[in-house]
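Worksheet: one structure, shown below.
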Amino acid sequence: MKKTVINKGKIKKAREMGGFMSGVLVLSVSTVIVKVIGLGVKIPLLSVLSAGGMGYFNSAVEIYALLCVIATAGLPVAMSMIISAERERGNPLGVRQTYKTAMAVFVTLGLIGSGTMLFFAKPIAIAIGNPDAHFCIMAISPSLLFVCVSSAVRGYFQGFGYMTPTAVSQLIEALFKLVFGVWLGALAVKLGMSLPIAAGMSVLGLSIGMLFSSVYLLAVKGIRGRIFELDLCSPTPSDKMATRLLSIAFPITLSAAVIGSCRIVDMTLILRRLQFSGVPLETANIIYGSYATLALPVFGLIPSLVTPISLSVVPAICSAIEGGDTEGQKRVVNKALRLTVLLAMPASMGLSFYARPILSILFSGESVAIGIAAPLLSVLGASVMFSSLITVTNAVLQSYKKTVIPIISMAIGAAVKIILAYILIGIKEIGAYGAPLSTLACDLTVTAINMCVIEKSTPSGTETVNVFIKPLAASLSAMAVSVAVYVSMLNLLRVSDRVAFIAALVVTVFAYIAFAFIFGAISNEDIAELGIRKKQRGKRAEDHPVSHNEYTKRKENQNDGRGKNIGSP
């Protein structure tokens, strides 16, 4: 009998980790595709609009990103936390009430944000030191409403641990951005429109992508939402849902807004402080356009791949907390941190060493922009791991309701960044290098604070050897092999820089996987967990069509209090 209990416990643990890994895998794959498409947008846009036009484009995108963070960063996380807890209790009314309340709040915030960008576009553009960017700001203003609606639906499904709608909506959004963004920009240039207006037309393509994404999510919610809730049977409603949502969302939003503000700091200080050091506005805009179009998207690729881990970790930890499973919490936290370091550490090293070859392949023909951006990307590369860890550690702290800690750590990091950026960018000999250097100092500061709090104040603790030491050993070994291959091909075989880099990259990937297994950074258990969720979901009713009769029968059982809490989809 005892043996049976132990086996059941092991099966439960495996399912929990399998669900977490499944969510990470689905979103990771979609994020990779989305990021590739995102680069596919910027590469032709750079050719169409030039670095100067991309300066206008990116100025609007950064303003939008900040307002988007303020409007949407906290509520989806709060939704997933609350819905996950309501599922654990078997409370369908709490789930529905959470969704309806969140959607009302989201739509209100979206209307306010879109209206602000539309009617105050000119003052905003002047405030950031790029007056002609106001066309782009107006063009992107509807996106804020669309992304707010999308975020409400994504938060709903994430609370069930069901990441597919989020992944598909991201793909739809990216594809329509690519098609309409490039087409409208090229059309505007062909018609002889000015550069600021052509950039605005390209930005309009982003708004169209957001529109189609939100329409898809609303359709999926309408079709599948009620089927999900049939597995929950308790009639107990949740009180004061708006207060509950906002109390969780506000500190998360505040900490995320600090991150968005740092990007605005970069933009404003690069433009203004370079002019202070004697650089003309047009040249400063080209420098910023190159940095924001080439360096920042490549730098942001790895941290964005970590976002699926943070989205999956919140409902997983909340469910473990609700069930009083301390061991489950520890497993999820350490798994999330280890996956993050496994992904980000070698990427950080590689990006610093191979910045120029990477940009030369992605943006061939843009030698001037590459010459500006490559050295800046080399410095930014060192920040990749810390930036990735910020995303996950913030999510862990928020799951434990320690929402004030990310605010404090981000505020301290932002202060470090602003002070250093202001001083360094204004020094003629340093110039734009001050932006990535201040980013590195900021990310290192925030990561250190978050990790200290996780180690001391949560029941999880950190498995230092598994999380950091083993991935470090694998990364250093793989990079040693990579550099040896790269240098040998350049000096001995006399091949081009591009060919040498591609060969070194292929060798590095296989070498890293091999060293990760050798040093124990990846185990056979990690691979096995990826398949558990798929098998588990294959047996779930919500993954198959439900007939009208069965739907009615299950609904009656739910109303009679006889339904069974099957669990998450």
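Each value in this text was obtained by applying a stated rule to the coordinates, not by laboratory testing. Just so it is clear, the model here is predicted, and its values are computed rather than measured. Quick reminder, even Gly has a Cβ in these numbers, built from the backbone with ideal geometry, and neighbours come from all protein chains shown.
Sorting the segments 499-508, 117-126 by their mean number of nearby beta carbons within 10 angstrom, highest to lowest, gives 499-508, 117-126. In this simple spin-label approximation, Phe510 and Lys456 carry label points 7 Å from Cα along the Cα→Cβ vector, and these lie 4.7 nm apart.
Scalar couplings 3J(HN,Hα) for region 376-393, obtained by applying the Karplus form with A = 6.51, B = -1.76, C = 1.60 to θ = phi - 60°, are 5, 5, 4, 6, 4, x, 5, 8, 4, 5, 5, 4, 5, 5, 4, 4, 6, 5 Hz; x denotes Gly and Pro. Between Phe120 and Leu187, the FRET efficiency from the beta-carbon distance, with R0 = 35 Å, is close to 0.80. Each of Glu463, Glu86, Glu429 has some number of other Cβ atoms within 10 Å of its Cβ, and from fewest to most they run Glu429, Glu463, Glu86.
Estimated at 0.36 nm per residue, the fully extended path between Ser488 and Ile423 surpasses their Cα-Cα distance by 19.3 nm. Neighbour counts of other Cβ atoms within 10 Å put Lys401, Lys417 in the fewest-to-most order Lys401, Lys417.
Most exposed first by the Cβ proxy, i.e. fewest other Cβ within 10 Å, how do Ser399, Ser457 rank? Mind dumping the intermediate values first?
Numbers: Ser399 29, Ser457 12.
Ordered by Cβ neighbours within 10 Å, fewest first: Ser457, Ser399.
Net charge of the neighbourhood of Leu294, taken over other residues with C-beta under 9 Å away and scored Lys/Arg +1, Asp/Glu -1, is 0.
Is region 403-514 best put as rounded, prolate or oblate by its Cα gyration tensor, with a ≥ b ≥ c the root eigenvalues, rounded for a/c under 1.5, and otherwise prolate when a/b is larger than b/c, oblate when not?
Details: a/c = 4.34, a/b = 1.37, b/c = 3.16.
Cα axes put region 403-514 in the oblate bin.
Around the Cα centre of region 246-462, unit charges on the Cβ atoms of Lys, Arg, Asp and Glu (plus for the first two, minus for the last two) sum to a dipole of about 220 debye.
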